[in-house]
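Take a look at the structure below.
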Amino acid sequence: MNFIDKVVEVFSPSAALRREADRYKLETVRLIRNSGYDESGASRSKNSMRGWLASSKTPQEDIDKNIPVLRQRSRSLYMSAPLGTSAIKTNRTNVIGEGLKLKSSIDADYLGMTTEQAAEWQRTAEREFRLWATSKFCDATRVNNFFEIQQVACMSWLMNGDACVLLEYEKPTCKFPYGLRLHLIESDRISTPHSTGNNVYLYARNPDTGNRIFNGVEVDDNNRVVAYHICNTFPNSNLYTQKNWTRITAFGDRTGEPGVLMIYETERPEQYRGVPYLAPVIESLKQLTRYSEAEMMAAVINGIFTVFVTSEKGTSGIGFTGVVDEDERVSDDDVNYEIGAGMVNVLEPGEKIEIADAKRPSTNFDSFVTALAKYVGAALEIPVEVLTKNFVSSYSASRAALLEAWKAFRMRRSWIAADLCQPVYELFLSEAIARGRIHAPGFFLDPVIRMAYCGAQWNGPAQGMVDPVKEVSAAEKRIAIGISTRQRETTEMMGGDFESNVVQLSRENEMMKAAGLTAGVASRKENEKKEGSEEKEDGEDDEENEGDSTGTAGKSQKF
């Protein structure tokens, strides 16, 4: 503060405060004006940026308030927009496919097991888990098995922004010895108590705990998720007049085991609900759908040969032969307009014919849709070839498109495995060991031992091959130089299991020996060897011929 500021402060502190605040604002403006971004993205003086009033607030205000509308529109696009349906189902098919399959991989060295003992334990765990996962009793609603639950959860996550799985237990039976049940519910049911209609963002406080509730998610003062509030029906549904909410803790107080599994993509810190997958392209997909429907209708109208008769007398002066209804007929023998081969019609004075021509389909329709699909695919991390299932480019371009798409597919598969499959497997393993169906010493005593037993891989559908010969040759070279393994290549290329393949191949070889078919195999190898030697000889002859011609040409050139 200078001398004048100090004098003003003595006589009028409020005026001194305003002078200090204005000086601070002026200094801030100078800093922004002198920064590099003032000439680009942060400029307020350029005509192109002057009207851009962007405002960002908390994740709850930016995301949760808009989630109800985004969900409804996302579901509408899934049901009515072909590209929207393709985007969601393409992810479902490539990320989950028939379901992510368990491949147990325990830490045998830490557990003190031999290779044979570890392999036997892993086979037992996979067998028990398969018993639980392939049965519809693992579903609380008795509708889907575990692999089908994965598919529904993936589509719910993409369509609604998040998927919620409740972990419940029932009394085991002699037919189904496990009590773990999965209850997949719609995202709308996770809402703030006493919210109505689209006001599911309603902020509230839990009167019992004092915690804040955002969109059905209860968090404490440290912003940690502690519970979820589940409505007995949809908040905007009229099926039930009385709506009740149940509070389910996120983690058990004594065990620490999860009670609710929330699957969503986190975009911002302290974000508790997910954004629908189609949210960035909702407007583009809707406008493209409207444009496609308009072009289709115009093409249909153009396909129907429509003729309009215009007359200076008005419509009353034009006669047509037709049936109005069953009782009343309207006819005019003097004037009859028909269209046919070699037909000659004579028009009345003042009448003329106009043909409806919609000039459809438009020649630019395909190029426009493809160009817009590229932008949509870029936002959704799906190349246009994969989004539209149209591979018309070269082998290199098609393979590059598949590889780029699979980067996103693998990432989402890892999320599903980490947020759904692995927690469910760990809960199943705990129950199986507690019931004595699987023997695992020290599982409940040491968290490190528990982690060693819970090691697992979740394998899904293979990437697929554009040119199988080239892909297999490349895999063979990767294995030869040691940068990959047979197990990994088998999983990524075919979605299978190398150990199972070895066992099956051994069994098939024994069957072929018993059937006396080894001679056929040997003769086939001999034929392949003979064909290879013949190709080599042909190549040598070609090289000799090329050498002779080169030598002759050289001699002639020398002479």
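Quick note: the coordinates plus some simple rules give every number you see, no bench work behind them. This one's a predicted model, so the numbers in the text were calculated from it and none came from an experiment. Because the Cβ atoms are built from the backbone with ideal geometry, glycine has one as well, and the counts that use them run over all protein chains shown.
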Listing 169, 228, 291 by rising number of other beta-carbon atoms within 10 angstrom, fewest first, gives 169, 291, 228
The long-range amide H neighbours of residue 178, using H built 1.01 Å from N in the peptide plane and a cut-off of under 5 Å, are 173
Reduced to Cα centres, the span from the range 94-168 to the range 418-482 in Å works out to 10 Å
Residue separation between residue 502 and residue 486 times 0.36 nm, minus their alpha-carbon distance, gives in nm 4.7 nm
Phi angles of the range 145-161, converted by Karplus (6.51 cos²θ - 1.76 cosθ + 1.60, θ = phi - 60°) into ³J(HN,Hα) in whole Hz with x for Gly and Pro, give 8, 5, 6, 6, 4, 4, 5, 5, 5, 5, 5, 5, 4, 6, 7, 9, x
Simple SL model, points at 7 angstrom along Cα→Cβ for residue 390 and residue 364; separation in nm is 1.7 nm
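Quick check on my link table: of 171/243; 65/243; 389/470; 136/175; 101/136, which ones sit more than 18 Å apart, alpha carbon to alpha carbon?
On the way: 171/243 28 Å; 65/243 21 Å; 389/470 22 Å; 136/175 12 Å; 101/136 16 Å.
Listed pairs above 18 Å: 171/243; 65/243; 389/470.
Given the Cα-Cα distance of residue 400 and residue 457 and 0.36 nm per residue of separation, how much length would full extension add, in nm? All intermediate terms of the calculation are to be shown ahead of the outcome.
Numbers: separation 57, 0.36 × 57 = 20.52 nm, distance 2.64 nm.
Once the chain is fully extended between residue 400 and residue 457, it gains 17.9 nm.
What is the order of 511, 451, 155, fewest Cβ neighbours within 10 Å to most?
Working: 511 10, 451 13, 155 18.
Ranking 511, 451, 155 by Cβ neighbours within 10 Å, fewest first, gives 511, 451, 155.
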Along the range 461-478, Karplus-curve 3J(HN,Hα) (6.51, -1.76, 1.60; θ = phi - 60°) to the nearest Hz, with x for Gly and Pro, reads x, 6, 5, x, 10, 6, 10, x, 4, 5, 5, 5, 4, 5, 5, 4, 6, 5
One finds, for residue 72 and residue 290 with R0 = 22 angstrom and r their Cβ-Cβ distance, a FRET efficiency to the nearest 0.05 of 0.80
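About its Cα centre, what dipole magnitude does the range 409-524 give when the only charges are +1 on Lys and Arg Cβ and -1 on Asp and Glu Cβ, stated in debye to the nearest 20? Please list the in-between numbers first.
Values: 14 positive and 13 negative charges, 27 e Å.
Dipole about the Cα centre, nearest 20: 120 debye.
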Simple spin-label estimate for residue 300/residue 411, 7 Å along Cα→Cβ, in nm, reads 4.0 nm
Residue-ordered couplings for the range 50-66, obtained by feeding phi - 60° into the Karplus form 6.51 cos²θ - 1.76 cosθ + 1.60 and rounding to whole Hz (Gly and Pro as x), are 5, x, 8, 10, 8, 9, 10, 10, 6, x, 5, 6, 7, 9, 4, 5, 9
Between the modelled labels at residue 57 and residue 472 (7 Å from Cα along Cα→Cβ) the distance in nm is 6.1 nm
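Summing +1 for each Lys or Arg and -1 for each Asp or Glu, what net charge is found among the other residues whose Cβ lies under 15 Å from the Cβ of residue 392?
Neighbourhood net charge equals +1.
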Plugging the Cβ-Cβ distance of residue 114 and residue 93 into 1/(1 + (r/R0)^6) at R0 = 41 Å yields, to the nearest 0.05, a FRET efficiency of 0.55
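Where nothing but the Cβ of Lys and Arg (+1) and of Asp and Glu (-1) is charged, how large is the charge dipole of the range 1-141 around its Cα centre, in debye to the nearest 20? Present the calculation step by step, with values, prior to reporting the outcome.
Working: 23 positive and 18 negative charges, 194 e Å.
Rounded to the nearest 20 debye, it is 940 debye.
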When 421, 454 are ranked with the fewest other C-beta atoms within 10 Å first, the list becomes 454, 421
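Based on the Cβ-Cβ distance of residue 379 and residue 226, what FRET efficiency does E = 1/(1 + (r/R0)^6) give at R0 = 30 Å, to the nearest 0.05?
Values: r = 35 Å, r/R0 = 1.15.
My answer for the efficiency is 0.30.
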